[in-house]
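Have a look at the structure below before the remarks.
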Amino acid sequence: PPIPDPAVPPELHFVLEADSERRRRGQVPRVTFLGRGPADPEHQISGSLELPRQRERRCAGGTFRLH
């Protein structure tokens, strides 16, 4: 594997999904994420976080509407 460049911080890509069990059963999700990207379905929001140093905390969140 290539050796990571220490000048480039690692990045964490994530997806938050709501009502996944409900969708597996064929039911309509009850949640819509607000501010999601154009490629994200209504029940998901995705993003990425840069991780500049070990043990440094970063937060990500999503605002959603419950139907």
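Miscellaneous remarks
- For the range 1-27, backbone nitrogen atoms closer than 13 Å to the point 7 Å from Leu51 Cα along Cα-to-C-beta are found at 9-14.
- Couplings for the range 54-67, taken from phi via the Karplus curve 6.51 cos²θ - 1.76 cosθ + 1.60 with θ = phi - 60°, read 4, 6, 8, 7, 9, 10, 9, x, x, 9, 9, 10, 8, 8 Hz in order; Gly and Pro are left as x.
- Here is how the number arises for the chain: DSSP H runs of 4 or more residues each give -39500 (n - 2.57), the sum is divided by the residue count, and the result at 222 nm is -1500 deg cm²/dmol.
- Charge dipole of the range 11-66 about the Cα centre (unit charges at C-beta), most positive-ward option of Leu34, Leu51, Leu66: Leu66
- Computed log₁₀ I(q)/I(0) - Debye formula, equal Cα scatterers, no solvent, the chain, q 0.16, 0.22, 0.28 Å⁻¹: -0.67, -0.92, -1.22
- Over the range 11-66, accessible surface divided per residue gives 80 Å², non-protein components excluded, 1.4 Å probe.
- Among the GluC sites (Glu not before Pro) within the range 3-67, those in coil by DSSP and having at most 14 neighbouring Cβ atoms inside 10 Å are Glu56.
- The chain: relative contact order as a whole-number percent, Cα under 8 Å and 6+ apart: 38 percent
- DSSP loop trypsin sites (Lys or Arg not before Pro) with at most 16 other Cβ within 10 Å excluded, longest remaining stretch of the chain: 1-24
- Surface composition of the chain: carbon and sulfur atoms hold 53% of the protein heavy-atom accessible area at a 1.4 Å probe.
The values are calculated or read from the model by the stated rules, or taken from the named source; none is laboratory data. What you are looking at is a predicted structure, and each value in this text was computed from that prediction instead of being measured. Please note: Cβ atoms are built from the backbone with ideal geometry, for glycine as well, and neighbour counts cover all protein chains shown. With ligands, DNA and RNA removed, areas are computed over all heavy atoms of the protein, side chains included. Shrake-Rupley method; radii C 1.70, N 1.55, O 1.52, S 1.80 Å.
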